[in-house]
Amino acid sequence: MNEAQQVSGPEEAYQRALDAGRLIIQRCGECDRSVFYPRTICPHCGANNLSWFSPMGDGHVYSTTTVRRSQEDGGDYNVCIVELAEGVRLMSSVRGISPDRVIIGTKVRTKVVKIDGKGLLVCEAK
Amino acid sequence: MAGCGEARGYSEIEILAQAAHAAISDAGLRLQDIDGLCTANLNAAMWPLNVAEYLGLRPSFIEGTNIGGSAFVAHLQPAMLALSAGLCNAVLVCYGSTQRTATFGRKARAAARNMLDPAPFDAPYQPFNPPSSYALIAARHMHEFGTTRQHLAEVAVSARSWAQLNPAAFSRKALTIDDVLNARMVSDPFTVHDCCLVTDGAGAFVMMRADAAKDRPQRPAYLLGIGTAVWHRTVSNMADLAVTPAQDSGRRAYAMAGMQPNDIDMLQLYDAFTINPILFVEDLGFCRKGEGGPFIASGLTRPGGKLPINTNGGGLSCVQPNMYGVFAVIEAVQQLRGACGDRQVANTNAVLVNGNGGNAASSQSTAILGSSATL
Ligand SMILES: [Zn+2]
């Protein structure tokens, strides 16, 4: 069975794309709004014809926190909510700069990284 | 109440039963008179079964909905409907947790819950929940409205100043704004003093129809209005981080009670974190959106202030066994009875209770309780 024939729900399809290094999100065929996280029905209007597309990957930090952690456990790290240009918000983490430099409004680009073989969406400051 | 603070050596069902016994005796009833049961627990999915079995109850009305810490405020609504429909005559609402001293630790329980009920789109980023979700909410509120860490600290100091008047409170040591600001940071902008306690504790109360409650030994508190609202589960799916479902639950409670914010004498607000009371005074109409920080910093919620908040010390300083809602109701009833000793606020006739639940102010349940003067 090739990848195209494989049956999977939206959660599995989303993760499979991430594992292949691609970010895809859904858009509703009825109300035209973008949807995240992946679902079988649209939470805005209740329609069931959602389809996948690749967002531009541009966004900004909507809110942010530094989770404090001891140095031996890996040190402090960033957890944030990012709003993509397509209008959806998602939890992520800004990597590559120290967590205290991540502020609300910081412009970011999404990036898919592999952790233990699984794709994960993170962000880089622009 | 029973086992508040540390109940070392006891299990959660044991202190729950002690609290239930105390509440039933206080109501002048016997266990056999209880024919309705409302209860919930974070670890057991079918908790009403555990409680009915332990207490030897065969209730005709059972309610076990768990929407987080607000559950025991939310239970007031189905209990009220069941009583007025004649399904039962005396409803026991009860909760207990030994999360602080349980030998099966908090970390193991939290990990087990995360495995059974994952949040797959948030979990990979390792938010330290619940603090990180409320921290994200606080950071956004600070960004939009200029709320400061000092404003947050004022909430903790107000709670502590009430706890100092309550011999049963867990944390009673003097606390200053600087103590809060300089404490160990957990998840910015929260230090440990912006986060609620982790204690053991059990609480219970009994609900009856108003006509039947008149003949009981204690003066009853009357349920004047109740409303519940759920909008989301995770913080990443909260439509506006500065607005909670308390706007809806509050509106419903005011409408049922035929009251407005200026009819309320006192607030019992679920203060899981210092941002919560700030959000709730805004969403429940005591000040405008964005002004909650300066509103509380003005001192009017402290002892002697015009609008007392959390007269027992709240979850920040009195007791917080994982779900706090039942204790907010109990403190409201105690204040309406005039049974609060040094912390008693004179002329308390209408108390608003706001329960909060979930990792991101996800569920809100607002109740308005009144003395006989409000009928
Ligand atoms: Zn739609």
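Scanning the stretch B:237-269 for residues that are of a type in the set (S, T, Y) and open to solvent by less than 10 Å² (accessible area, probe 1.4 Å) yields a total of 2.
Listed here are the residues, each with its yes/no results for (1) open to solvent by 60 Å² or more (accessible area, probe 1.4 Å); (2) among the hydroxyl-bearing types (S, T, Y).
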{"position": "B:N66", "(1), (2)": "yes, no"}
{"position": "B:S70", "(1), (2)": "no, yes"}
{"position": "B:M115", "(1), (2)": "yes, no"}
{"position": "B:Q126", "(1), (2)": "yes, no"}
{"position": "B:Y134", "(1), (2)": "no, yes"}
{"position": "B:I137", "(1), (2)": "no, no"}
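Is it the case that B:G358 is small (G, A, S), touching a residue at least 24 places away in the same chain (Cβ under 8 Å) and open to solvent by 10 Å² or more (accessible area, probe 1.4 Å)? Here the answer is yes, as B:G358 does meet what is asked. Applying the criterion of being of a type in the set (A, V, I, L, M, F, W, C) and facing chain B (nearest Cβ under 8 Å) to the residues of the stretch A:90-102, the residue that is surrounded by the fewest Cβ atoms within 10 Å (Cβ to Cβ) is A:L90. Restricting attention to the stretch A:35-48, which residues are closer than 26 Å to A:R22 by Cβ and either in contact (Cβ under 8 Å) with a residue 40 or more places away in the chain or surrounded by 11 or more Cβ atoms within 10 Å (Cβ to Cβ) (or both)? Once the filter is applied, which keeps residues that are closer than 26 Å to A:R22 by Cβ and either in contact (Cβ under 8 Å) with a residue 40 or more places away in the chain or surrounded by 11 or more Cβ atoms within 10 Å (Cβ to Cβ) (or both), the stretch A:35-48 yields A:V35, A:F36, A:Y37, A:P38, A:R39, A:I41, A:C42, A:P43, A:H44, A:A47, A:N48. Kindly indicate whether any position in the stretch B:212-233 is in contact (Cβ under 8 Å) with a residue 60 or more places away in the chain, hydrophobic (A, V, I, L, M, F, W, C), part of a loop (DSSP other than H, G, I, E, B) and over 25 Å from A:V88 (Cβ atoms). Looking through the stretch B:212-233, at least one residue is in contact (Cβ under 8 Å) with a residue 60 or more places away in the chain, hydrophobic (A, V, I, L, M, F, W, C), part of a loop (DSSP other than H, G, I, E, B) and over 25 Å from A:V88 (Cβ atoms).
Among the criteria (1) within 23 Å of the chain's Cα centre (by Cα); (2) touching a residue at least 24 places away in the same chain (Cβ under 8 Å), the one B:I177 does not fulfil is (1).
Just one of the listed residues (A:G105, A:G87) is within 9 Å of chain B (Cβ to nearest Cβ) and farther than 21 Å from A:R68 by Cβ, namely A:G105.
Do we find a residue being in a helix (DSSP H, G or I) and within 14 Å of chain A (Cβ to nearest Cβ) anywhere in the stretch B:171-186? No, the stretch B:171-186 has no match at all.
Assess whether A:A85 counts as being at pLDDT below 95, open to solvent by 70 Å² or more (accessible area, probe 1.4 Å) and away from the ligand (no atom under 16 Å from the Cβ). Against the criterion (at pLDDT below 95, open to solvent by 70 Å² or more (accessible area, probe 1.4 Å) and away from the ligand (no atom under 16 Å from the Cβ)), A:A85 does not qualify. Test A:V7 against the criterion of being away from the ligand (no atom under 16 Å from the Cβ), within 12 Å of the chain's Cα centre (by Cα) and at negative phi, and give yes or no. No. Looking across the stretch B:262-281, the residues that are outside any loop (DSSP other than H, G, I, E, B) and touching a residue at least 40 places away in the same chain (Cβ under 8 Å) come down to B:D263, B:M266, B:L267, B:Q268, B:L269, B:F273, B:I275, B:N276, B:P277, B:I278, B:L279, B:F280. Please return the ranges of helices (runs of 4 or more DSSP H) entirely within the stretch B:286-344 where 3 or more residues are under 20 Å from the mean Cα position of the chain (by Cα), in contact (Cβ under 8 Å) with a residue 40 or more places away in the chain and closer than 15 Å to B:Y270 by Cβ. Those helices (runs of 4 or more DSSP H) span B:314-317, B:325-337. Being within 23 Å of B:L197 (Cβ to Cβ), touching a helix residue (DSSP H, G or I) at 6+ places or on another chain (Cβ under 9 Å) and at pLDDT 95 or above holds for only one residue in B:D342, B:D271, and it is B:D271. Inspect all residues belonging to the stretch B:130-145 and state whether any of them is within 30 Å of B:L37 (Cβ to Cβ), more than 14 Å from chain A (Cβ to nearest Cβ) and in contact (Cβ under 8 Å) with a residue 60 or more places away in the chain. No, the stretch B:130-145 contains no residue that is within 30 Å of B:L37 (Cβ to Cβ), more than 14 Å from chain A (Cβ to nearest Cβ) and in contact (Cβ under 8 Å) with a residue 60 or more places away in the chain. Which of the residues that make up the stretch A:23-46 are assigned to a strand (DSSP E or B) and near the ligand (Cβ under 7 Å from one of its atoms)? Once the filter is applied, which keeps residues that are assigned to a strand (DSSP E or B) and near the ligand (Cβ under 7 Å from one of its atoms), the stretch A:23-46 yields only A:C28. Filtering the stretch B:42-95 to residues that are among the β-branched types (V, I, T) and more than 20 Å from the chain's Cα centre (by Cα) leaves B:V51, B:I62.
The set of residues from the stretch A:88-109 being under 20 Å from B:V186 (Cα atoms) and touching a residue at least 40 places away in the same chain (Cβ under 8 Å) comprises A:V102, A:I103, A:I104. In the stretch A:63-76, the qualifying residues are those that are more than 7 Å from chain B (Cβ to nearest Cβ) and not in a helix (DSSP H, G or I), and the one that is surrounded by the most Cβ atoms within 10 Å (Cβ to Cβ) is A:D76.
The values are calculated or read from the model by the stated rules, or taken from the named source; none is laboratory data. These numbers come from a predicted model, not from an experiment. Because the Cβ atoms are built from the backbone with ideal geometry, glycine has one as well, and the counts that use them run over all protein chains shown. The protein model used for the area step is the full one, side chains on, heavy atoms only, and it has no ligands, DNA or RNA in it. Shrake-Rupley method; radii C 1.70, N 1.55, O 1.52, S 1.80 Å.
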